[in-house]
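J.: Right, I'll just put the structure down here and ask away after.
The values are calculated or read from the model by the stated rules, or taken from the named source; none is laboratory data. Being a predicted model, the structure only gives us computed values, none of them experimental. Virtual Cβ from ideal backbone geometry, glycine too; neighbours counted across all protein chains shown. The protein model used for the area step is the full one, side chains on, heavy atoms only, and it has no ligands, DNA or RNA in it. Shrake-Rupley method; radii C 1.70, N 1.55, O 1.52, S 1.80 Å.
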Protein chains: 2
Amino acid sequence: MATTAKYGIFELSLEGPATGNPFTEVDLRAEFRYSNYRRTVSGFYDGGGIYKIRFMPDREGQWHYSTIANEGRLDGQEGSFICTPALPACHGPVRVQGRFHFAYDDGEPYFPYGTTAYNWTNQETDIVAQTMETLAHNRFNKVRYGPFPKHYLYNKNEPLLYPFVGGFVEGVADASEVAMPGFIGGKPSAAYQFDFSRPNPAFWQQFEAYVMALDALGIESDLILFHPYDRWGFAHLSREENLLYLRYIIARLGAIKSVWWSLANEFDLFFERDEADWECYARAVEEWDAVGHLCSIHNCREPYDYSRRWISHVSIQRVDYHSHVELVHKWRERWQKPVVVDEICYEGNIDSGFGNISGEELTKRYWDVAVRGGYCTHGETYLRDDEVLWWAKGGRLTGSSPERIAFLRQINERISQIDPSPQMEWDLPWGLSGKTFRYETNSPFAPYATAADYMLCYFSFAQPAFRNFYLPEDVSYRIEIIDTWEMTITKLEGGYRGSCRVSLPGKPYIAVLFVREG
Amino acid sequence: MATTAKYGIFELSLEGPATGNPFTEVDLRAEFRYSNYRRTVSGFYDGGGIYKIRFMPDREGQWHYSTIANEGRLDGQEGSFICTPALPACHGPVRVQGRFHFAYDDGEPYFPYGTTAYNWTNQETDIVAQTMETLAHNRFNKVRYGPFPKHYLYNKNEPLLYPFVGGFVEGVADASEVAMPGFIGGKPSAAYQFDFSRPNPAFWQQFEAYVMALDALGIESDLILFHPYDRWGFAHLSREENLLYLRYIIARLGAIKSVWWSLANEFDLFFERDEADWECYARAVEEWDAVGHLCSIHNCREPYDYSRRWISHVSIQRVDYHSHVELVHKWRERWQKPVVVDEICYEGNIDSGFGNISGEELTKRYWDVAVRGGYCTHGETYLRDDEVLWWAKGGRLTGSSPERIAFLRQINERISQIDPSPQMEWDLPWGLSGKTFRYETNSPFAPYATAADYMLCYFSFAQPAFRNFYLPEDVSYRIEIIDTWEMTITKLEGGYRGSCRVSLPGKPYIAVLFVREG
């Protein structure tokens, strides 16, 4: 009998009609059964008369399936397969764990340290290869990107393939010339014509190969389903066309364990859509996604109502240019979900404020967010002569923040999930990890405090030469001074308890980690 | 006939009773007349049977005066003096000019680039001398300080003299031991006893000498009348005692042109006082101050209602640890007054967040505030073995921000008063100076903009390698790239108009100045 490893992909390939419009005329589904447990997934047309059904089994043992279709040849197909144990290092799809954090399906904690390369899959093969090489040699474990090509700054090239059948129409002025000014929210160019009822299998075969390549690298794909930076018309489909597209992408990619759904990048720049549209698409994703992948939506200005049931985690863009990191624990409180700040400005030197902060500044923001119990997403926008900016096209990373972010990830994995202390100091945020307990302090500022197995505070731009700490009297802590920029950890001699004055380097970007002894 | 230069001090010294309580029992005033213009000032007792009346004439020509007192020898004294032209470089007291800025009484613009040395006048003479030397060799033109000694971190020494008659009582435990924990808001120590109805002339003679020494250096004294950091009881006077003190200090110091009144430092840490108290003291200052010196009040947490009529300017402390500079133009709008951020954290390395930012960070905040049409105040809190921290005691400055602040002051004086542009960009604040005009832009972001004789934008922590600017088509501008940290100004060749792409250094702390040609 066929076998599929747990969290792998079981694929059923069937022959069916190649004429008419197989995307709209053929309705193919399959029910997968395991004991009294059932899941239904949609099939999809892959061109050349081939229909496919993909399914991710999450229970070891024997599974049965049967197809349901409005087409004789596709209907009533039955079979079985054995789900074998997960491959080594395969932990399944990422889920929300404990309200504010993430873990893989098998319980292994997952800490999102992602990056952004919105349109890397629509680039020339040599750049795509560079991107994968870069990702293989960095420590990012999530990439934000989507299938649709992008029409935006440093990102106006034609994709190699189009996601729908159609393309550039000869005789109309050069496509890039017909682009709307401002890049966002305008009408699509008349230079293209597509049949939005016909996804282009060649495009999707390539796209899913890239998703699976990241999967093989252990990298999650935070897939942006819609974005407004468009000249082809992909941001202007009718609701019916959008639902067809969603059903198709979910049927094709939904069985890949490492997929997340990001309903939109900057949903509020779709001036033709309102909340009812987004809620409709969200319901569709929820209905068709048999795995229950993480799902969110990303804002430009005001955040979406992240308390909506279908939203697994907050995927926010800093709303204000100045005020952001210090809000992270408040965002957690407000929405009661994990907070991932998926745009907190990129390291780079382009003209716009979203993409010209220093490596120091981005690293600082990562730490400021981490000690408040949230997560950040990286992006890089350094100008290059070839205009291959990582954030847009992938390629190479040259910034100073990635290795510092990896250093933080290492510490985060060591101390595990960080939650903000209930006693944040006005000038010093505290993150706690592990078992917590309350104690009476000797502090002149607070009679009680909460201690934990690990306590991490971060001084950000401040440069104190020392700090008075008020630890529990009856528990001893080891102290590690972390220079987050130099990536050094200095372990202080001996144990600390009660009131203690700790010398610090007197320079910015210092964190202090307290590790409970015994 | 006696002469006094305009904005100088005319002093009348009279002999009167030395017995009883001259501070409470003798009521002495004088009316000064110039044509049909009249001003009344209070006299004060200076010890040894000597009563003084001080007056700052602000009109050239002949003045007459006559005294009114409840004491025969002091009553009915009459005389005249000639007010001669102001001495060179003497421009009179600072006033509010044009709603959001300052100018001396003679119309010469004044740009507050002050520093903070709260308690410098109560230190040993060698430290006081160091302080004056430091101020003489820097470019600060205002100091925030007050007469009362301070009981706070790095500032617990006894003053050389007390402002009231009385002092330490032998037999009670060592004074510093009796200090309340937390420094603020507790009961005063029992180790002191004062007669709050008797100011100590020796103290005030010394204090006013220091105020006049700064005056001679061209430095304004932003005098803090009350502060809560106290172990002697000076923060716990009754309302009647406070009014007596206010009348005394105003009579003594009110004729010094460079005095400002800061009703309180951190008024909201006086837990025994409410708004009615502050309003009462404000009315008293207003009534007794014949010059109409600038007057404000300074918060710790929530700001005072700066729209009150008696408040000349906003003297705010950043309310939030992270969110401050970006609010300055909103504070201007809210209160319709000049905004001086009198605490925006100090350059230093002490443990508390108010005093451990870097010189880079403080310089950055100065620029971020300046382009939004506000002003900042400096302070320095570097640890020293002798614990003489500038912010507390004066002494020496060792930080990196003072020379950068002086560099900004130089540019501010060159381009004069800066107001925020009505078209702030989300990632770039713009300050305008001189004549403004609206124009149609080629910008994809804004159809109209406001130009001016000088336009200054500041990139703060951003590090763009270039920026597209959308200048007027019909006016030419010279462009200067200012490295605010290196203190260099690079003038670009030729004139700029319309849309232009300007290369920038690609590092933080860069400002760009546009100077209208012709």
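J.: Per residue, how much accessible area does segment A:38-138 show when a 1.4 Å probe rolls over the protein heavy atoms, in square angstrom?
T.: Details: 4060 Å² over 101 residues.
On a per-residue basis, 40 Å².
J.: Once neighbouring chains are kept in place and the probe is 1.4 Å, which whole percent of the accessible area of segment A:203-312 is contributed by carbon and sulfur? Working shown, then result.
T.: Numbers: 1650 of 3330 Å².
Heavy-atom surface of segment A:203-312 belonging to carbon and sulfur, 1.4 Å probe: 50 percent.
J.: Ignoring ligands, DNA and RNA, what percent of the 1.4 Å accessible area of segment A:441-518 is carbon and sulfur?
T.: Whole-percent figure for carbon plus sulfur exposure: 48.
J.: Rounded to the nearest 0.05, what FRET efficiency do A:GLU11 and A:ARG73 give with R0 = 22 Å and r taken as the Cβ-Cβ distance? Could you check? List each step's numbers first, then the result.
T.: Working: r = 18 Å, r/R0 = 0.80.
So the FRET efficiency works out to roughly 0.80.
J.: How much of the calculated P(r) for segment A:366-415 lies past 15 Å, in percent of all Cα pairs? Spell out each step's value before the answer.
T.: Details: 630 of 1225 pairs.
Everything past 15 Å amounts to 51 percent.
J.: Quick check: pseudo-label points 7 Å beyond the Cα along Cα→Cβ at B:LYS187 and B:GLU517, how many nm apart are they?
T.: My value for the distance between the label points is 7.5 nm.
J.: Non-local amide H neighbours of A:PHE226 (under 5 Å, H modeled in plane, Pro and chain starts lacking H): which ones?
T.: Amide H neighbours of A:PHE226, under 5 Å, 5+ apart: A:ALA264, A:ASN265.
J.: For chain A, just the Cα set please: Rg and Dmax, both in angstrom.
T.: 24.8, 81
J.: Given Cα pairs under 8 Å that are at least 6 residues apart, what percent is the relative contact order of segment B:95-142?
T.: 31 percent
J.: On a straight-distance basis, which lysines could pair with A:LYS142 in a cross-link, Cα separation under 28 angstrom, same-chain partners fewer than 8 positions away excluded?
T.: A:LYS6, A:LYS52, A:LYS150, A:LYS156, A:LYS257, A:LYS330, A:LYS337, A:LYS364, A:LYS393
J.: Can you pull the semi-axes for segment A:33-180, root of five times each eigenvalue of the Cα gyration tensor, sorted largest first, whole Å?
T.: So the three semi-axes of segment A:33-180 are 36, 27, 13 Å.
J.: By its C-alpha gyration tensor, with a ≥ b ≥ c as the square roots of the eigenvalues, how is segment A:259-338 shaped: rounded for a/c under 1.5, else prolate for a/b larger than b/c, else oblate?
T.: oblate
J.: Whose amide H sits under 5 Å from the amide H of B:GLN62, counting only residues 5 or more places off or on another chain, with H placed in the peptide plane?
T.: Amide H to amide H, under 5 Å and 5 or more residues apart or across chains, B:GLN62 pairs with B:CYS83.
J.: Put the label 7 Å from Cα along Cα→Cβ for B:PRO17; what are its distances to the other copies, in nanometres, shortest first?
T.: Inter-copy label distances (nm, one decimal, shortest first): 11.8.
J.: Quick check: pseudo-label points 7 Å beyond the Cα along Cα→Cβ at A:ARG38 and B:SER503, how many nm apart are they?
T.: Using points 7 Å along Cα→Cβ, the separation is 6.9 nm.
J.: Given label points at 7 Å from Cα along Cα→Cβ, what nm distances, shortest first, separate B:GLN423 from the same residue in every other copy?
T.: 5.2
J.: Using alpha-carbon positions, what is the distance between the centroids of segment B:415-475 and segment A:128-168, in Å?
T.: 35 Å
J.: Same structure, new question: Within 10 Å of each candidate Cβ there may be at most 11 other Cβ atoms; applying that plus a DSSP loop requirement, which GluC sites (Glu not before Pro) in segment A:203-276 survive? Intermediate values should be presented prior to the final figure.
T.: Details: sites: A:GLU208, A:GLU220, A:GLU240, A:GLU241, A:GLU266, A:GLU272, A:GLU275; in loops: A:GLU266, A:GLU272.
In loop regions of segment A:203-276 (DSSP not H, G, I, E or B), the sparsely surrounded GluC sites (Glu not before Pro) are A:GLU272.
J.: Also: Could you list which residues have their amide H under 5 Å from that of B:LYS507, counting only those 5 or more apart in sequence or on another chain, with H placed in the peptide plane?
T.: Distant-sequence amide H within range of B:LYS507: zero hits.
J.: If you take the charge dipole of the protein assembly as shown about its Cα centre, with +1 on Lys and Arg Cβ and -1 on Asp and Glu Cβ, which of B:ILE316, B:ASN70, A:LEU253 is farthest toward its positive end?
T.: B:ASN70
J.: Please compute the net charge surrounding A:ALA69, taking Lys and Arg as +1 and Asp and Glu as -1 over other residues with Cβ under 13 Å from its Cβ. Mind dumping the intermediate values first?
T.: Values: positive: A:ARG29, A:LYS52, A:ARG73; negative: A:GLU15, A:GLU25, A:ASP27, A:GLU31, A:GLU71, A:ASP75, A:GLU78.
Local net charge: -4.
J.: Sticking with this one: Only Cα pairs under 8 Å and at least 6 apart count here; give the relative contact order of chain B as a rounded whole percent.
T.: Value for chain B: 12 percent.
J.: How high is the relative contact order of segment B:38-80, in percent, with contacts defined as C-alpha pairs under 8 Å that are six or more residues apart? Write out the running numbers ahead of the final one.
T.: Numbers: 38 pairs, mean separation 10.5, N = 43.
This gives 24 percent for segment B:38-80.
J.: What are the ³J(HN,Hα) values, in whole Hz, obtained from phi via the Karplus relation 6.51 cos²θ - 1.76 cosθ + 1.60 with θ = phi - 60°, for each residue of segment A:245-258 in sequence order, with x given for Gly and Pro?
T.: 4, 4, 4, 5, 5, 5, 5, 6, 10, x, 8, 7, 4, 8
J.: Another question about this same structure. For segment A:404-418, what does the Karplus curve 6.51 cos²θ - 1.76 cosθ + 1.60, with θ = phi - 60°, yield as ³J(HN,Hα) per residue in whole Hz, taken in order and with x for Gly and Pro?
T.: Once θ is set to phi - 60°, the couplings for segment A:404-418 become 5, 5, 4, 4, 5, 4, 4, 5, 4, 5, 5, 9, 6, 4, 9 Hz.
J.: From the phi of every residue in segment A:12-28, what ³J(HN,Hα) in whole Hz does the Karplus formula 6.51 cos²θ - 1.76 cosθ + 1.60 yield, where θ is phi - 60° and glycine or proline is x?
T.: 10, 10, 10, 9, x, x, 10, 9, x, 10, x, 6, 10, 8, 9, 10, 10
J.: Ok, one more. Summed for both chains, how many Å² of accessible area, to the nearest 100, are buried between B and A with a 1.4 Å probe?
T.: Between B and A, the summed buried area is about 2900 Å².
J.: For the protein assembly as shown, what does the alpha-carbon gyration tensor say about shape, rounded, prolate or oblate, given a ≥ b ≥ c as the root eigenvalues, a/c under 1.5 as rounded, and a/b over b/c as prolate?
T.: prolate
J.: In addition: Considering only chain A, pick the residue with its Cβ nearest the axis of the rotation onto chain B, and state the distance in whole Å.
T.: Nearest Cβ to the rotation axis, residue and whole-Å distance: A:SER323, 2.
J.: Between copies, how far does the label point of A:LYS491 sit from its twins, in nm, shortest first, when each point is 7 Å from Cα along Cα→Cβ?
T.: 6.1
J.: On the protein heavy atoms, probe 1.4 angstrom, tell me the percent of accessible surface of segment A:37-161 carried by carbon and sulfur.
T.: Result for segment A:37-161: 49 percent of the exposed heavy-atom area is carbon or sulfur.
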